[in-house]
1. Excluding residues on the same chain fewer than 8 positions from Lys238, give the lysines whose Cα lies under 22 Å from its Cα.
2. If packing is taken as the mean number of other Cβ atoms within 10 Å per residue, what is the order of 252-261, 67-76, 234-243, 50-59, highest first?
3. Using a cut-off of under 17 Å, list every residue of segment 262-291 whose amide N is near the label point 7 Å from the Cα of Lys238 along the Cα-to-beta-carbon line.
4. Once label points are set 7 Å from the Cα along Cα→Cβ at both Tyr252 and Gln314, what is their separation, rounded to one decimal in nm?
5. Would you list, by chain and number, the lysines whose Cα falls below 29 Å from the Cα of Lys92, excluding same-chain residues fewer than 8 positions away?
6. Test of understanding: what is the full-extension gain from Glu18 to Glu150, defined as 0.36 nm times their sequence separation minus their Cα-Cα distance?
7. Of Cys138, Cys275, Cys244, which has the most accessible area and how do the rest follow, probe 1.4 Å?
8. Find the relative contact order for segment 214-319 and round it to a whole percent, using C-alpha pairs within less than 8 Å whose residues are 6+ positions apart.
Amino acid sequence: MASMLGPGSSTANIYVPEEWSEAANSIAYDSVTSPPPFSFICGAKNSGKTTFSRHLLNILLQRYGKVAYLDTDVGQPEFTVPGFVSLTVVDKITPEEYCMFDKSENAGRIELPLIVNTPGWVKGIGYEILVDMLRYICPTHVVKINISAESKNLPGGAFWLDGDCDGMVNIIEIKSAQQDNFNRSVLVQKDASLLRDLRIMAYFRQCFPSDKPITTIKELAHAVASHPPYEVPISIIKIRHLHCQVPSTETYYSLNATIVGLAVSSEESEDLPWCVGLGIVRGIDTFKGVLYVITPVPASTLEKVNLFLQGFIQIPTCLLQ
């Protein structure tokens, strides 16, 4: 591998059909006096939700100067390492070669429009989560990206409402960007596991100076293995397992050689702690009462961490070899 790509990296030209551009422009410029749009992007897996969201983001930046981007696709987030639901305020055009814009049109408005990007899990529990999100967020625009396999698409209309749509939401249905000669959707198949590993590796690459010669996976694995870890006192850390119950006697065994979320919890935010980053638990010394943690989170922030969150984010296998 020649290099490690970070979130938001673009490696190829991306085709944006006229239908997509018209949809994005209608969201951004429907009304000069209306409040900023809240746009909810949904559709089947690999239909192009993230690509459309990026395109819409760049169009909105031309008018508003800043745009809020709520990413609920925790498997392949746009601006963070995998595992996070994130809200990012973007004030620069994202690096996409397809985006054509005129800088002079940036009006620098104070109001912030919102883009909500969603995962492609649109059946079963995934569908129920999507419906709940739509009901709570109450978007002004819902963009549904359809593919030629009708059975994999979301229902038509305002499917998340119990009754008729009250006219307060604009529903825009567009087709997936790539079509074959028979007008069927050609979905870009992505190796989701590989992409997650690349982003996790890019994240922990930040533990080292940018001028340090690390260009291959092997060099990164060696650097991580030899990197001095932080010593975190066990006495100040609470452990929360997010997806399973672990006997108290096995708590520290379950943490060893895993990736954990580094969080700051208080009485006000106990149910929704602030996660400041990820760390690799390199080892545990129960006699000294310390956890050895490797993380790019700066020491000044790490001092505030009092909670470790253990989920399902795995260390890339190549870093363990």
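1. Lys288, Lys304
2. Working: 252-261: 17.3, 67-76: 19.1, 234-243: 12.6, 50-59: 23.1.
Packing proxy ranking, top to bottom: 50-59, 67-76, 252-261, 234-243.
3. 262-276
4. 2.7
5. Lys45, Lys49, Lys66, Lys103, Lys144, Lys175, Lys190, Lys212
6. Here the segment from Glu18 to Glu150 would lengthen by 45.3 nm.
7. Cys138, Cys244, Cys275
8. Value for segment 214-319: 38 percent.
The values are calculated or read from the model by the stated rules, or taken from the named source; none is laboratory data. What you see is a predicted model, and the numbers here were worked out from it, not measured in a lab. Glycine also receives a Cβ, built like all others from the backbone with ideal geometry; neighbour counts cover every protein chain displayed. Heads up: the accessible areas ignore ligands, DNA and RNA and are worked out on the full protein's heavy atoms, side chains in. Shrake-Rupley method; radii C 1.70, N 1.55, O 1.52, S 1.80 Å.
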